[in-house]
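The values are calculated or read from the model by the stated rules, or taken from the named source; none is laboratory data. Just so you know, these numbers come straight off a predicted model, no measurement behind them. No Cβ is skipped: glycine too gets one built from the backbone with ideal geometry, and neighbour counts run over all protein chains shown. When the accessible area is computed, the model is the full protein with side chains, heavy atoms only, and any ligands, DNA or RNA have been set aside. Shrake-Rupley method; radii C 1.70, N 1.55, O 1.52, S 1.80 Å.
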Amino acid sequence: MDWSGRVAIVTGGASGIGAATAREFAIEGTAVAIFDINQVGGQRMVETLRATGCQALFVHIDVSDAEACRSAVSAVIAQMGRVDFLVNNAASFIAKGLDVTTADWERSLGVNVRGYANMVQACYEPMRQIGGGAIVNVSSVSAHVAQPNRWTYNACKGAIITLTKCQALDLAPYGIRVNAVSPGWIWTPEVEKAAGGDRARWEPIWGRYHMLRRLGEPREVARAILFLCSDEASFITAAELAVDGGYLGMGSEGLGETSAFAGSR
């Protein structure tokens with residue numbers, strides 16, 4: 001696939017999976033617009049991309065604001081001419097359960113669900129005008145499981161899966177495919193913060209949640225996203241691709257190390 005001459009918008013592109021995705025698009029020759037509320041990190045990422053020869057643009061934005069999304073996409077078109085790919089990756093990491101507040105819900109839903117819808121509404125017409133495009137929504141394994149004190153985050157990630165299917169149905173007549181990726185535990189800034197920066201200590205512990213016995217790298221999710229954007233995925237839409245090292249495939253026995261059959265392998 002020839003990626004040159006195409007334009008990708010990556011929300012939450014200042015760090016983690018979003019930054020890795022922006023880098024992979026740049027490597028392939030795609031122009032990249034990073035949308036992020038993190039102004040310092042976003043500008044730094046754009047400078048990094050430009051140093052490689054990539055045409056890059058940073059837009060400081062809160063994706064929960066629908067009008068801001070429309071204005072930002074218009075700015076991308078004015079400077080870059082088109083929009084071919086949208087990666088909805090921006091996230092609010094509020095994790096609350098019984099203690100959740102109305103403000104927590106408003107922020108979580110505003111960014112993680114309404115923000116994804118805002119960006120698709122802003123991008124679909126420019127994509128339709130060029131004959132199609134591809135959208136990837138970043139969900140999570142948390143969409144499928146119960147985890148303690150995570151009503152907000154898990155409910156939003158579950159909503160993204162259903163939103164993806166509905167968007168795919170409505171945008172299919174315009175040649176626009178919409179898919180989702182659901183990462184497992186990935187070594188992102190949020191996970192690093194939870195680990196206190198001590199990967200050597202925590203990776204063996206958290207790695208046990210995955211068949212592959214390790215955490216994933218942001219680039220591994222980014223490559224899956226690019227696959228779903230590529231012509232190789234031309235007959236894939238409304239799908240969810242788990243990039244989770246086998247997390248969702250395991251049962252209550254986990255890796256089986258403490259089961260009665262542990263010694264039979």
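Among the residues of this structure, Val111 does not count as one that is surrounded by 20 or more Cβ atoms within 10 Å (Cβ to Cβ) and closer than 15 Å to Ile176 by Cα. Once region 21-37 is narrowed to residues that are more than 11 Å from Thr52 (Cβ to Cβ), over 15 Å from the mean Cα position of the chain (by Cα) and of a type outside the set (A, V, I, L, M, F, W, C), the residue that is surrounded by the fewest Cβ atoms within 10 Å (Cβ to Cβ) is Glu28.
Residues in region 182-213 that are buried (at least 17 other Cβ atoms within 10 Å of the Cβ), among the charged types (D, E, K, R) and assigned to a loop (DSSP other than H, G, I, E, B): there are none. Do we find that Asp244 is at negative phi, open to solvent by 60 Å² or more (accessible area, probe 1.4 Å) and at pLDDT 95 or above in this structure? Here the answer is no, as Asp244 does not meet what is asked. Scanning for something part of a helix (DSSP H, G or I) and closer than 24 Å to Thr164 by Cα, does region 84-104 turn up at least one residue? Within region 84-104, one or more residues are part of a helix (DSSP H, G or I) and closer than 24 Å to Thr164 by Cα.
When Asn179, Asn154 are screened for being outside any loop (DSSP other than H, G, I, E, B) and closer than 24 Å to Phe235 by Cβ, only Asn179 passes. Filtered by the rule that a residue be under 11 Å from Leu226 (Cα atoms) and either aromatic (Phe, Trp, Tyr) or open to solvent by 10 Å² or more (accessible area, probe 1.4 Å) (or both), region 2-20 gives a lone residue, Trp3.
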